[in-house]
Amino acid sequence: MLWRKLLVPLTSLLLLLTASAGAGAAAASTGSPAGASAEAAAADYGAPGPYATAVEVGAVTTLYYPRDIATSDRRHPVIVWGNGTFAFPVVYRDLLLHWASQGFIVAAANTPQSNLGISMRAGIDLLTRRNADPGSPFHDRVDLEHIGASGHSQGGAAAIVVGADPRIDTILPIQPGPLADIDDVHVPALLLAGQKDSIVFPFLVKAFYNDADHIPAIYGELRGADHLTVVGDPGPFAAPTTAWFKAHLMGDQTARAQFFGAGCGICTDSDTWSDVRRNGLANR
């Protein structure tokens with residue numbers, strides 16, 4: 001079984017990363033370096049964003065968010081996250097904090113078995129309650145009209161499952177496992193694979209892409225990436241995932257140009273990508 005192959009590497013990785021990063025999971029983290037402008041951060045989607053960040057660990061959901069959200073002058077879009085098999089949000093802490101530094105609220109499901117997407121949907125419900133609560137720092141600061149879904153491995157499949165929820169505006173599955181049906185998704189999709197992934201082989205991700213002919217869909221295969229490249233330091237995954245969510249959840253036209261139109265940035269970046277494909281609905 002494919003999922004059994006995930007257990008040993010991800011469980012071992014969890015133990016290593018929990019030891020190194022777990023102590024900081026409930027603490028605040030700074031965003032961009034002092035003096036960095038919001039405009040510069042927006043131009044380099046792989047660089048830390050302009051927001052200092054904080055983490056709140058709950059029973060079902062861990063929140064990664066802009067630390068000063070209570071005094072923010074805007075509402076912040078939401079990304080719901082699903083973990084790989086036997087993994088927890090701390091394993092992906094660097095990527096989730098990176099998104100928070102760019103202005104997103106990330107609701108990461110704490111479950112190590114995310115495929116059904118139940119805990120990911122619970123993250124939306126939690127933020128809906130917090131947004132309506134006058135006593136919450138999230139009061140009237142959550143942009144519930146702009147929500148994306150992402151996840152890695154089994155969590156990538158969960159992002160596809162959750163993509164059928166009418167509250168979701170886009171999905172970004174990272175090396176998604178096979179237990180999902182993309183026919184149920186009716187929002188744009190960026191499907192990411194790793195060129196050297198020997199657990200979720202690229203052809204499995206391409207199968208989702210090939211089946212997604214009813215929605216704008218893009219397949220991106222990161223050169224040299226294996227199944228665990230995204231954990232810890234997310235490396236080449238940070239910039240394109242941030243740009244995708246900025247384009248779809250914040251209306252960032254510079255970010256949109258990375259994926260759409262004749263000047264599609266990722267389409268010509270052969271140093272980063274070993275394969276990029278856009279279907280007819282995305283190739284506009």
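The values are calculated or read from the model by the stated rules, or taken from the named source; none is laboratory data. Just so we're clear, the structure is a prediction, and the values are computed from it rather than from any experiment. A quick note on method: Cβ atoms are made from the backbone with ideal geometry, for glycine too, and the neighbour counts reach across all protein chains shown. For the accessible areas, the whole protein counts, side chains as well, though only heavy atoms, and no ligand, DNA or RNA atoms are used. Shrake-Rupley method; radii C 1.70, N 1.55, O 1.52, S 1.80 Å.
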Taking a probe of 1.4 angstrom, what is the accessible area of K196 in Å², to the nearest 10?
-> 130
How much of E56 can a 1.4 Å solvent probe reach, expressed as accessible area in Å² and rounded to 10?
-> 60
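Share of region 60-196's accessible area from carbon and sulfur, percent, 1.4 Å? List each step's numbers first, then the result.
Working: 2250 of 4290 Å².
The nonpolar share, carbon plus sulfur, comes to 52 percent.
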Simple spin-label model, 7 Å along Cα-to-Cβ: K206 to D271 in nm?
-> 2.6
Could you order M120, M250 by accessible surface area, starting with the largest, using a probe radius of 1.4 Å?
-> M250, M120
Can you work out the FRET efficiency for the pair L116 and R74, with r the C-beta to C-beta distance and R0 = 22 Å, to the nearest 0.05?
-> 0.10
Karplus 3J(HN,Hα) series, Hz, for region 216-227 with 6.51 cos²θ - 1.76 cosθ + 1.60 (x for Gly, Pro) | x, 9, 10, 9, x, 10, 7, 4, x, 6, 10, 5
Candidate residues H146, H98: accessible-area rank, largest first, probe 1.4 Å | H146, H98
If N is the residue count of region 179-284, its Cα Rg over 2.2 N^0.38 Å rounds to 1.02
Provide the gained length on full extension for the span S136 to A257, in nm with one decimal, where the gain is 0.36 nm per separating residue minus the Cα-Cα distance.
-> 39.9 nm
